[in-house]
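Here's the structure, in structure tokens; my notes come after.
The values are calculated or read from the model by the stated rules, or taken from the named source; none is laboratory data. Everything quoted here is computed from the prediction, not taken from an experiment. Please note: Cβ atoms are built from the backbone with ideal geometry, for glycine as well, and neighbour counts cover all protein chains shown. To get the accessible areas, we keep the full protein, side chains included, count just its heavy atoms, and leave off ligands, DNA and RNA. Shrake-Rupley method; radii C 1.70, N 1.55, O 1.52, S 1.80 Å.
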Amino acid sequence: MGMFTVSDFNSFDDLLMDQLRNLYDAEHRLTDALPKMAAAAVTRGLKEAFLSHLEQTKNHVRRLESAFAALGKNPERGTCQAMKGLISDGSHVIEAKGDSQVRDAALIAAAQCVEHYEMAAYGSARAFAKQLNLADVAALLQQTLDEERAADQKLTGLAETEINYPAAKRSVARV
Ligand code: FE
Ligand code: ZN
């Protein structure tokens, strides 16, 4: 749930549930946003990275559903204000005009903010699950966390090898 929603935090169970609902909403939003990011990307490797992360993201939704099931709860979306904002930053890049490689660099920057947000949120959720001795739930969250980290590293790799250098070459030279 968003930061401005009042919740009762009486136990780590409440905390974990809040975090799972927040992530469930975030992953759904990303499932809608990633095809748009892929369509906007010009560099082939970046387009492919977004599309392969889209497939992973659909799986993240399913993994969260397994976590809810393990807790005997129905999956429910809380509003993730952070992801709404991060995706709106990404839309700003999608709508922008200009040099395609510079725009790709901007898409990567926006996407990496998303991955880092997810890594932070999954890390906390996993910690709460561990605290509650819910090893199965913690393992599900860890799997997704590992994929978010790998996705982030892939984006760094693309930026460093294919995108930033040619994009920067067309920028004003600094002496
Ligand atoms: Fe994800
Ligand atoms: Zn992700």
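Taking the conditions (1) at pLDDT 95 or above; (2) over 18 Å from Leu30 (Cα atoms); (3) in a helix (DSSP H, G or I) in turn, Glu118 satisfies each one other than (2). Listed conditions (1) under 13 Å from the mean Cα position of the chain (by Cα); (2) open to solvent by less than 40 Å² (accessible area, probe 1.4 Å); (3) without any contact (Cβ under 8 Å) to a residue 24 or more places away in the chain are all met by Thr57, apart from (3).
Per this entry, Glu162 is not counted among residues that are within 12 Å of ligand 1 (Cβ to nearest atom), part of a helix (DSSP H, G or I) and within 17 Å of Phe50 (Cβ to Cβ).
I'm checking my understanding of the structure. Among residues of the range 141-175 that are within 16 Å of ligand 2 (Cβ to nearest atom) and free of Cβ contacts under 8 Å to residues at least 24 places away in the same chain, which one is least open to solvent (accessible area, probe 1.4 Å)? Among those residues, the one meeting the criterion is Gly157. Filtering Ala110, Ala120 for residues that are closer than 30 Å to Ile163 by Cα, small (Gly, Ala, Ser), surrounded by fewer than 17 Cβ atoms within 10 Å (Cβ to Cβ) and within 16 Å of ligand 1 (Cβ to nearest atom) leaves a single hit, Ala120. The condition (being open to solvent by less than 70 Å² (accessible area, probe 1.4 Å), over 17 Å from Asp25 (Cβ atoms), in contact (Cβ under 8 Å) with a residue 40 or more places away in the chain and not polar (S, T, N, Q)) is satisfied by just one residue among Ala138, Ala70, Ala125: Ala70.
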